[in-house]
Amino acid sequence: MKRSLMDILCCPVCKGDLALRVDKEDPQEILEGNLHCAACSADYPITGGIPDLLPPSTR
């Protein structure tokens with residue numbers, strides 16, 4: 001996932017802002033981590049550079 005996507009991503013459940021936690025990255029992208037919505041407490045994992053933005057109830 002490119003860091004520049006943070007400007008356009010929002011929580012798919014409540015449309016709140018997402019906070020990024022990076023566990024692993026290379027010079028081009030974030031490979032592992034988490035996106036967290038403080039408004040509704042939803043978490044979205046980033047695995048293999050791909051954020052899983054499906055609502056937690058449907059995963």
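The values are calculated or read from the model by the stated rules, or taken from the named source; none is laboratory data. No experiment lies behind these values; they were computed from the predicted model shown. Because the Cβ atoms are built from the backbone with ideal geometry, glycine has one as well, and the counts that use them run over all protein chains shown. In case anyone asks, the SASA skips ligands and DNA or RNA and just uses the protein heavy atoms, side chains included. Shrake-Rupley method; radii C 1.70, N 1.55, O 1.52, S 1.80 Å.
What are the extents of the Cα atoms of the chain along their three principal axes, listed from largest to smallest and rounded to whole Å?
Its Cα atoms span 31, 23, 14 Å along the three principal axes.
Mean separation of Cα pairs under 8 Å and 6+ residues apart, divided by the residue count of the chain: what relative contact order is that in percent? It would help to have the intermediate numbers written out before the result.
Working: 109 pairs, mean separation 17.1, N = 59.
Across the chain, relative contact order equals 29 percent.
Quick one: length gained pulling Asp43 to Lys2 fully straight, 0.36 nm per residue minus the C-alpha distance?
12.9 nm
Could you give the nm distance between label points at Asp17 and Asp52, where each point is 7 Å from its Cα heading toward the beta carbon?
In this crude spin-label approximation the distance works out to 2.6 nm.
Heavy atoms only, probe 1.4 Å: what % of the accessible area of region 3-47 goes to carbon and sulfur, would you let me know?
The computed percentage sits at 50.
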